[in-house]
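Below is one structure, written out as C-alpha cells, with a few remarks after it.
The values are calculated or read from the model by the stated rules, or taken from the named source; none is laboratory data. Computed from a predicted model, the values in this text were never measured in an experiment. Neighbour counts run over all protein chains shown; Cβ positions are idealised from the backbone, glycine included.
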Amino acid sequence: MADHFDSLETRDHAKREADLFQRLPEILRKASAAPAYAERLKGIDLDRTTSREALASLPILRKSELPSFQKFALPFGGLIASLPGSFGRLFTSPGPIFEPEPDVKDPWRAARGLHAAGFRKGDIVLNTFSYHLTPGGFIMDSGARALGCAVIPAGPGNTEQQLELIEAYRPSAYLGTPDFLKVLLDAAAAAGRDASSVKRALVSGAAFPKSLQEEFSVRGIEAYQAYATADLGFIAYETPAREGLVVNEDIIVEIVRPGTGDPVPEGEVGEIVVTTLDPHHPFIRLALGDLTATLPGISPCGRTNMRIKGWMGRADQAAKVKGMFVRPEQIAEIGRRHPELGRLRLIVDREHEADVMTLVAESEDLTDELVSSLTTTLRDVTKLKGIVMLVAPGTLPNDGKVIDDQRKP
C-alpha cells in the first residue's frame, strides 16, 4: 500500500462502478437545486440514473458553452446553487469562465496524482503554476499541502529569482508546465547555478513528448504528467507504470463521439466527458473538447480504475497553450478591436520543446505599426505572447477555421 494513496485505487473495478453510480442520484439532486441544471434535468427520473447507460441519456454540457451560460447569469451561469460567499476562493480563466473553489481539504482532488508522481510528506515543492486569478497554482498547492509538503508559491516566470529560490530552499519536486522546467534547467546550466535538488516533477498544461521526458530523466528528474482542468481539477494522472493516465477517484469519465453524447466503443478515440461527484460543485456530463481513448485492462502499477491514453487533440477549435486555453471567441474579440482586418487564424505549434502561437491576419495595411498593435492586442486578450504575421486579403482559406493546432499529439 506504500505505493498507493489509499485502498480505493486498487479496489475491484465492479465495486468502484457500483459505488459511483449508487452515489450519482444524490449528486444529481444537489445539481438540480441550481436553476440551469433543474431545467436541463427536468422530467428525468434521477433515482433511476444508476448506470452508465442511464447517465448517457442525460444532456451534454459543453465547456465551450460555459462563457455564454455565465454571461447570461453571473457568476456561475445558474449551474451552482451555492452563493459565491460560501466558497473558499473565486477564480476566472480565459473565456471568461468563473470557477469557485470549495472550502475543503484538497478541493481539486490533486493529492492522489501528486502521490503517484512520488510526492511525499516533508518534500519541498516548487510550484510554478500561476496563483493570479486562475486556479492552476492553488490546484497544485492544495494537493501538495494535503500530502504534507511545504510549497514555494513561485508562480511562472522570473527565472533568475526562481533559481535563487531553488538554491536557497533546495526543493526536491517541481510543479508546472514541462516547458518552464526546461527553461529553468537550461538557465541554471548556462549560469552555473545548482538546480540538482529537483528530482521529481509533475507537469501539466502543455504537451509532454517522450523526448522531453527522456531529457529530464537524463538530468536526474523523474517527471510525470497529469490531465487537469481549471473547472474540474485532476481528471487523470500518470503513474510509474507509464502506460496511459489513470482516471481519478470520485469522478465518472465517458468517452463520447465528438458532437454527440454517445459513448464510443472501448479503445475508439472520442471526446472526454466528465461527471464529478462533488456535492459542493457538481458538474454533470461536462464535455471538455479534448480527444482521447481508453486503454484495456488495469495498470501494471496495480491501480484498477479506467486508463486513458492522454491528450490526443481537440474535438473543437479551442487550444491549450502553455497551460491556458485560447478560444475562437478570443480571436473574434481581436477582430472586433481591429475592424480593418479581414480573416484571422491563430496557428499553434511547438518549437524547441515549447508551445508557440502565430496570429495570421489579412490586411491591406502591412506595416510594422499594425504588427506591433496586434501583438499587444493578442497578449491582452489571450494573456499569452505570440507572433503576428500580416498577409494580403484573400490569403486565408474560407473554411471557418480560426484556430489551427498543428502540434502532434
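The table that follows gives values for the structure above.
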{"item": "Residue tally, condition over 19 Å from Ser51 (Cα atoms) and of a type outside the set (A, V, I, L, M), over the range 258-278", "result": "6"}
{"item": "The one condition in (1) touching a residue at least 12 places away in the same chain (Cβ under 8 Å); (2) more than 27 Å from Phe21 (Cα to Cα); (3) out of contact with any Cys (no Cβ under 6 Å at 6 or more places or on another chain); (4) charged (D, E, K, R) that Asp103 fails to fulfil", "result": "(2)"}
{"item": "Residue under evaluation Phe283, criteria (1) out of contact with any Gly (no Cβ under 9 Å at 6 or more places or on another chain); (2) part of a strand (DSSP E or B), criterion not met", "result": "(2)"}
{"item": "Residue within the range 107-124 that is within 28 Å of Ala318 (Cβ to Cβ) and free of Cβ contacts under 8 Å to residues at least 60 places away in the same chain present", "result": "no"}
{"item": "Residue satisfying all of: in the range 158-212; at pLDDT 95 or above and among the aromatic types (Phe, Trp, Tyr); surrounded by the fewest Cβ atoms within 10 Å (Cβ to Cβ) among these", "result": "Tyr169"}
{"item": "Within the range 52-72, considering residues that are of a type in the set (D, E, K, R) and assigned to a helix (DSSP H, G or I), the one surrounded by the fewest Cβ atoms within 10 Å (Cβ to Cβ)", "result": "Glu53"}
{"item": "Positions within the range 189-212 being more than 17 Å from the chain's Cα centre (by Cα) and touching a residue at least 24 places away in the same chain (Cβ under 8 Å), in sequence order", "result": "Ala191, Arg193, Asp194, Ala195, Ser196, Ser197, Val198, Lys199, Arg200, Ser211, Leu212"}
{"item": "Test: residue in the range 262-269 that is in contact (Cβ under 8 Å) with a residue 12 or more places away in the chain, part of a strand (DSSP E or B) and crowded, with 20+ Cβ neighbours inside 10 Å", "result": "no"}
